[in-house]
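The values are calculated or read from the model by the stated rules, or taken from the named source; none is laboratory data. As the structure is a prediction and not an experimental result, all values here were calculated from the model. When we count neighbours, we look across all protein chains shown, and the Cβ atoms used for this are built from the backbone with ideal geometry, even at glycine. Accessible surface areas use protein heavy atoms only, side chains included; no ligands, DNA or RNA. Shrake-Rupley method; radii C 1.70, N 1.55, O 1.52, S 1.80 Å.
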Amino acid sequence: MSTTNIIVEPNRIQMLLLRQLYNGPKSYWQLMRAGQAHTRQVLEALQKLMKDKLVAYEEDRFMLTDTGRSQAEALGLNRVAEQRCETCAGRGITLKPPFDRLLQDFKEIVAMRPKATPDFDQGYVTAETTVLRLALMAERGDLAGRDLLLLGDDDLTSIAAALSGLPRRICVLDVDERIVNFIRDVARDRGYDHVHAEVYDVREALPSHLRGKFDVFFTDPVETLKGIFLFLSRCTEGLREPGAAGYFGLSYMEASWQKWRQIQKGILDMGFAITDMLGAFQDYLLEDIVARGYPVARMAPVPVKEPDVNFYVSTVYRLELTEEPRPLYTGQVELGRDLYYDDEACVTLPEVPK
């Protein structure tokens, strides 16, 4: 491939941004999603492209300069179309019975739930994402007739699972009393006597009556290293035996690849095999990112408005227990705001606004 007139040798992230911008101007939030790396790495790549005058910013949009367009063409980026499946958005899962039918009913329920709060680092996924989770679990044999543990359920995966009629038992543990009461109310009103919800702080020991009682867990944990191991440890304690499965979400926007490697090592140490990793599977509905001063907005190279797309995405992991579970944490653990926030956090507030 000819490299004539190439001004810089862009790295992978810069290439992704150039390719996106070759197809037209993009907002800051669209580029954050497109960068496929930790937020600070995407910012560094964007700033480098602007410094090298390959990218300019006008009227709330980033765009290629003439030089940037020439470089993108010299790199062959103009010949690379979007490769992700348009039907499933690259997830490999589409909604078929019974999940396609329950989506509208589920949307009506989630419209009434309490508003997300930064107190517990909440950020809801879209209703479609919640139902897609269940379709994935069902396809892998981890939903029908199974006992399901949900650690943290502001996304109301429990209610969507109950709507499907597939799990045998559903247990929700959540620190937010508002969410627990909402799930209890919906379960009572709809006659879901197999749905149980209780208030639980992950820093406390897992209640003895829940240890070794479940076939499958789902959690969308915090992304500090101590926090994610704490969430996964509690879930691991809840599993019955080898062959049990677990699902969780992990974003590269809040966790560097170095942290991913540490997390993966910890997962193996707990007795799991990693059977699946589905990238950009979960879309999040995050509100007031600019108004609340989240780091991802404050660090932007230009003043930005509230997100115009669901920029925050995460990978879904599926784990399978291959030996007796070995949680990394048991008993009570003392953690404060550092449960939710560390130096890599960019879409989490270091302190809760008063």
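Say the dipole of the chain comes from +1 at the beta carbon of Lys and Arg and -1 at that of Asp and Glu; which of 124, 75, 103 then lies farthest toward its positive end? The one lying farthest along the dipole's positive direction is 75. The magnitude of the dipole of segment 27-162, with charges of +1 and -1 set on the Cβ of Lys/Arg and Asp/Glu and taken from the Cα centre, is near 340 debye.
Once both labels are positioned 7 Å from their Cα atoms along Cα-to-Cβ, the gap between residue 226 and residue 78 label points is 5.3 nm. Bridging of residue 213 to aspartates and glutamates at a Cα separation below 12 Å is possible for 147, 237, 241, once same-chain residues fewer than 8 apart are set aside. Using a probe radius of 1.4 angstrom, the carbon and sulfur fraction of the accessible surface of the chain is 47%.
Is segment 149-299 best put as rounded, prolate or oblate by its Cα gyration tensor, with a ≥ b ≥ c the root eigenvalues, rounded for a/c under 1.5, and otherwise prolate when a/b is larger than b/c, oblate when not? Since a/c reaches 1.5 but b/c is at least a/b, the shape of segment 149-299 is classed as oblate. Overall, the anisotropy analysis places the chain in the prolate class: the square-rooted eigenvalues a ≥ b ≥ c of its C-alpha gyration tensor yield a/c not less than 1.5, with a/b exceeding b/c. Peptides 126-133, 63-70 ranked from most to least packed by the mean count of surrounding Cβ atoms within 10 Å: 126-133, 63-70. The charge dipole of the chain, taken about its Cα centre with unit charges on the Cβ of Lys, Arg, Asp and Glu (plus for the first two, minus for the last two), comes to roughly 640 debye. With each label modelled as a point 7 angstrom along the Cα→C-beta vector, the residue 128-residue 193 pair spans 3.8 nm.
Against the main long axis of the alpha-carbon atoms of the chain, helix 127-139 sits at an angle near 70°. Relative to the longest principal axis of the Cα atoms of the chain, helix 257-269 runs at roughly 30 degrees. Prolate is the label for segment 69-186, because the ratio a/c of its alpha-carbon gyration tensor axes (a ≥ b ≥ c) is 1.5 or higher and a/b is greater than b/c. Zone of residue 351 (label point 7 Å along Cα→Cβ, backbone N under 15 Å): which residues in segment 276-313? Backbone N within reach: 293-295.
Pairs spanning more than 24 Å between alpha-carbon atoms, out of 26/96; 115/305; 115/226; 51/259; 51/305: 26/96; 115/226; 51/259.
Segment residue 44..residue 328, full-extension length gain: 98.8 nm, with 0.36 nm per residue of separation and the alpha-carbon distance subtracted.
In terms of the mean number of neighbouring beta-carbon atoms within 10 Å, the peptides 258-266, 76-84, 114-122 order highest first as 114-122, 258-266, 76-84.
Using Cβ point charges alone (K and R +1, D and E -1), the dipole size of segment 12-79 about the Cα centre works out to roughly 280 debye. Just report the Cα centroid separation between segment 291-344 and segment 38-91, whole Å. One Cα centre to the other: 25 Å.
In degrees between 0 and 90, to the nearest 10, how far off the longest principal axis of the chain does helix 39-51 point, with axes built from Cα atoms? Compared with the principal axis, the helix lies near 10 degrees. When the chain is described by a simple charge dipole with +1 on each Lys and Arg Cβ and -1 on each Asp and Glu Cβ, the residue from 333, 92, 159 located farthest towards its positive end is 92. What is the list of residues in segment 288-323 whose amide nitrogen lies under 15 Å from a point 7 angstrom out from the Cα of residue 61, following Cα to Cβ? Hits in segment 288-323 for residue 61 at 15 Å: 308-309. Accessible surface computed residue by residue for the chain, with neighbouring protein chains in place and a 1.4 Å probe, gives 44 Å² per residue.
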